[in-house]
Amino acid sequence: MNFSSKLLEDAVNEFGKLPGIGQKTALRLVLHLLGKEHAEVAQFGNTLIKLKNDIKHCIVCHNISDQATCSICASFKREKDVICVVEDTRDVMAIENTHQYFGVYHVLGGLISPMDGVGPSDLNIESLVDRVKTTEVKEVILALSANMEGDTTLFYLHKKLKEFNIPITTIARGIAFGGELEYADEVTLGRSIITRVPYEPSLMK
């Protein structure tokens with residue numbers, strides 16, 4: 001793609017680094033911003049800078065938050081003795097949108113993936129073990145994507161948590177294998193949470 005301006009080209013290249021954004025879409029977004037008032041573009045940029053500078057991760061569950069403790073962990077309405085383990089904040093949002101879950105969360109920050117160089121020590125696993133060890137927990141729900149990385153992580157978490165003798169469940173397989181949790185429709189995801197089943201690691205052996 002030929003550009004009439006180096007500034008335009010640089011901006012398109014930066015937008016093109018975003019996931020799911022090709023060069024044509026990046027160009028359309030940049031031209032859209034160029035058509036806006038200076039104050040609107042400045043507000044757009046300042047919002048992103050403020051997000052990067054001020055965003056926090058909950059000291060309890062590692063969810064993205066404006067405060068040291070996220071609103072879910074701080075809410076007296078949530079069942080603090082039920083922990084739903086998810087890959088990232090997108091999965092928290094997806095489950096919250098079902099309005100079928102009333103416990104709290106633990107965000108791993110990814111999935112175990114040896115091919116990508118991601119091991120257990122790269123994830124928020126030890127803090128999950130500490131939560132189970134030091135607080136009264138009556139159930140841990142493993143709500144991870146139905147793919148190889150998700151199943152590998154499920155198996156590892158089960159080995160780490162089984163010594164505590166608490167129910168370890170996983171969402172029902174209404175989610176097709178290979179499917180990402182965040183893309184499941186709310187009805188299917190909600191039913192998968194409600195009809196969760198005890199985790200059985202035998203298939204992974």
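Bear in mind that the values in this text are calculations on the coordinates, not laboratory data. A quick note: this is a predicted structure, and the numbers were derived from the prediction, not measured. All Cβ positions, even for glycine, are placed from backbone atoms using ideal geometry, and neighbour counts span all protein chains on display.
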**Request:** Within segment 67-83, identify whether any single residue is buried (at least 18 other Cβ atoms within 10 Å of the Cβ) and free of Cβ contacts under 8 Å to residues at least 12 places away in the same chain, and answer yes or no.
**Result:** no
**Asked** Out of segment 127-147, which residues are touching a helix residue (DSSP H, G or I) at 6+ places or on another chain (Cβ under 6 Å), closer than 17 Å to H62 by Cα and of a type outside the set (A, V, I, L, M, F, W, C)?
**Response** none
**Message:** Can you tell me which residue is farthest from the chain's Cα centre (by Cα) among those in segment 15-27 that are in a helix (DSSP H, G or I) and surrounded by 14 or more Cβ atoms within 10 Å (Cβ to Cβ)?
**Reply:** L27
